[in-house]
1. Just checking, how many residues over region 56-77 are among the basic types (Lys, Arg) and in contact with a Leu (Cβ under 8 Å, 6 or more places away or on another chain)?
2. Quick check: anything in region 46-55 farther than 24 Å from Leu9 by Cβ, surrounded by 20 or more Cβ atoms within 10 Å (Cβ to Cβ), touching a residue at least 24 places away in the same chain (Cβ under 8 Å) and out of contact with any Leu (no Cβ under 9 Å at 6 or more places or on another chain)?
3. So in region 67-122, with the set limited to residues that are of a type in the set (Ser, Thr, Tyr) and over 23 Å from Leu9 (Cα atoms), which one is nearest to the chain's Cα centre (by Cα)?
4. Regarding Val67, is this residue surrounded by 13 or more Cβ atoms within 10 Å (Cβ to Cβ), closer than 24 Å to Gly113 by Cβ and touching a residue at least 60 places away in the same chain (Cβ under 8 Å)?
5. Which of the residues belonging to region 135-174 are among the β-branched types (Val, Ile, Thr) and either at pLDDT 80 or above or open to solvent by 100 Å² or more (accessible area, probe 1.4 Å) (or both)?
6. Given region 1-108, what helices (runs of 4 or more DSSP H) lie entirely inside it while holding 3 or more residues that are touching a Cys at 6+ places or on another chain (Cβ under 7 Å) and more than 27 Å from Trp120 (Cα to Cα)?
7. Quick one: in region 36-53, which of the residues that are at pLDDT 80 or above and among the small types (Gly, Ala, Ser) is farthest from Gly85 (Cα to Cα)?
Amino acid sequence: MDFFLGLPLGWAIAALFGGAMIRSNATYWLGRGVAAGCRHTRLGKHVDAPLMRRAEAMMARFGPFAVTLCFLTVGLQTAVIGSSGIARMPLRRFLPAVIAGSLIWAVVYATVGLAAIAAWFALILASPWAAAGAAVAIAAVVLLLVKRKRRARRNQTAADDGGAPVWAGGPVER
């Protein structure tokens, strides 16, 4: 991490972009290999089933959006990119999507992401108790925001039902 922090911004973005491209393309081709390998086993009849053909058609149509946007998530990148390989997304759709996603990821990570991670590690090294307190505070804020959103959604549902009381099973009829 210190290596990237010491680089000029352009070089850091280029290095992160290259790493993201290598990782995502390796994952895609691993998925393609798994799908091809399954065709030579008892699973072959499932890989060529109508359901899989529909999944491949959907991946060809909507997959590029999912591939690009998965770079903005944590924990879904490998699943989405591997799935695009398994579903045999055409390269003419995969490559532009993965280039755009890798570039977005590299810029975000090189500017905001690395600085946030460096600050977090500095806080942990300086005071583990402060880091634990910050983690609890962040979790409390997220919990508060989630509860507030659920309450607003519940109130909106009640307003849409003409003000009927709402309970877990739905509106109560009067």
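The values are calculated or read from the model by the stated rules, or taken from the named source; none is laboratory data. Every value quoted in this text rests on a predicted model; they were computed, and no experiment measured them. Cβ atoms come from the backbone with ideal geometry, glycine included; neighbour counts cover every protein chain shown. For the accessible areas, the whole protein counts, side chains as well, though only heavy atoms, and no ligand, DNA or RNA atoms are used. Shrake-Rupley method; radii C 1.70, N 1.55, O 1.52, S 1.80 Å.
1. 0
2. Taking every residue of region 46-55 in turn, none turns out to be farther than 24 Å from Leu9 by Cβ, surrounded by 20 or more Cβ atoms within 10 Å (Cβ to Cβ), touching a residue at least 24 places away in the same chain (Cβ under 8 Å) and out of contact with any Leu (no Cβ under 9 Å at 6 or more places or on another chain).
3. Thr78
4. In short, no.
5. Within region 135-174, Val136, Ile138, Val141, Val142, Val146 meet the criteria.
6. In region 1-108, there are no helices (runs of 4 or more DSSP H) which contain 3 or more residues that are touching a Cys at 6+ places or on another chain (Cβ under 7 Å) and more than 27 Å from Trp120 (Cα to Cα).
7. That would be Gly37.
This table checks each residue for (1) of a type in the set (Gly, Ala, Ser); (2) touching a helix residue (DSSP H, G or I) at 6+ places or on another chain (Cβ under 7 Å).
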{"position": "Gly19", "(1), (2)": "yes, no"}
{"position": "Tyr28", "(1), (2)": "no, yes"}
{"position": "Met58", "(1), (2)": "no, no"}
{"position": "Leu76", "(1), (2)": "no, yes"}
{"position": "Gly82", "(1), (2)": "yes, yes"}
{"position": "Ala87", "(1), (2)": "yes, yes"}
{"position": "Phe94", "(1), (2)": "no, yes"}
